[in-house]
Amino acid sequence: LENNVLESLDHIDMALQLREKSVGIKDAQYIELLCLQANLLKESEPTKAIRAYQQAYVVAQGLLHTNNDAITFWFEQCLSGLGDLYIQRDYIQQGIAFYRAAFNITSSYYDIENILSYKPLLDLEQFYYQRKEYDASASVCDELLSFFIQRNAHNTIHFAQILHFKAIALDNMNKVNEAIDCYEQSIAICTGLQQFEKCESAYANLHLLL
């Protein structure tokens with residue numbers, strides 16, 4: 001671990017101990033500290049990171065009834081973090097379940113400017129794509145597209161991005177006509193929004209298919 005990471009972990013550990021032994025308060029800040037600790041440990045010490053996330057999970061779950069936005073946010077971060085780590089350790093079904101549980105929370109506060117509202121499901125799509133499970137990848141893209149349509153967000157750069165991802169998955173399944181259709185829809189949205197730089201990759205991929 002780098003010195004700055006070690007220093008941050010020391011500060012977090014001291015803050016956690018203070019709250020546990022002196023203050024005795026387990027609230028949103030306590031959950032946040034555990035999640036920050038887990039994030040720092042994710043790459044180097046995944047077992048410790050899982051333990052920190054699990055502790056945060058238990059505390060947050062016991063406080064969800066308070067309807068505190070900060071607790072809900074860190075509970076979702078905890079679920080997403082556990083999803084990452086379980087999949088990293090090849091506990092695939094558990095990891096997928098955590099991603100979906102996280103999405104159930106984030107989807108309730110969709111914001112057109114905030115990728116976090118659908119990031120857990122996007123992480124799941126990328127997971128399937130990296131495993132070359134293209135059919136599953138395209139299926140999750142359809143879930144995301146439906147998610148945007150239900151929120152009248154079908155003319156957004158996020159919608160265009162998911163169409164692009166779906167096109168790539170379809171292309172890998174040799175479903176060329178369907179891939180072309182998705183690329184063209186994505187380009188049309190980006191052009192309409194004057195986000196021309198967002199079209200470049202889709203144009204390049206579409207050119208290869210025509």
S137 meets each of (1) surrounded by fewer than 20 Cβ atoms within 10 Å (Cβ to Cβ); (2) more than 14 Å from the chain's Cα centre (by Cα); (3) among the small types (G, A, S) with one exception, condition (1)
inquiry  = Checking the structure you have, find out if any residue of segment 115-132 is at pLDDT 95 or above and among the hydroxyl-bearing types (S, T, Y).
reply    = yes
Counting only residues in segment 1-33 that are at pLDDT below 85 and acidic (D, E), the one surrounded by the most Cβ atoms within 10 Å (Cβ to Cβ) is identified as E20
Scanning segment 87-115 for residues that are touching a residue at least 24 places away in the same chain (Cβ under 8 Å), part of a helix (DSSP H, G or I) and either open to solvent by 40 Å² or more (accessible area, probe 1.4 Å) or closer than 28 Å to I25 by Cβ (or both) gives Q88, R100, A102, I105, T106, I115
Flagged pairs (Cβ under 9 angstrom, 6 or more apart or on separate chains; first in segment 45-73, surrounded by 12 or more Cβ atoms within 10 Å (Cβ to Cβ); second at pLDDT 90 or above and of a type in the set (K, R)) are P46/R89; A49/K42; I50/R89
For segment 12-65, the count of residues that are of a type in the set (D, E) and within 18 Å of I87 (Cβ to Cβ) equals 2
Residue pairs qualifying under the 8 Å Cβ cut-off, at least six apart or on distinct chains, with the first in segment 10-22 being touching a residue at least 60 places away in the same chain (Cβ under 8 Å) and assigned to a helix (DSSP H, G or I) and the second being open to solvent by 80 Å² or more (accessible area, probe 1.4 Å) and hydroxyl-bearing (S, T, Y), are none
Just one listed residue, out of A56, A38, A52, is touching a Cys at 6+ places or on another chain (Cβ under 6 Å) and not in a loop (DSSP other than H, G, I, E, B), and it is A56
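The values are calculated or read from the model by the stated rules, or taken from the named source; none is laboratory data. If you're wondering where the values come from, they're calculated on a predicted model, not measured in any experiment. Neighbour counts are summed over all protein chains in view; Cβ atoms, including those assigned to glycine, are modelled from backbone coordinates with ideal geometry. Remember, those area values only see protein heavy atoms, side chains included, never the ligands or the DNA or RNA. Shrake-Rupley method; radii C 1.70, N 1.55, O 1.52, S 1.80 Å.
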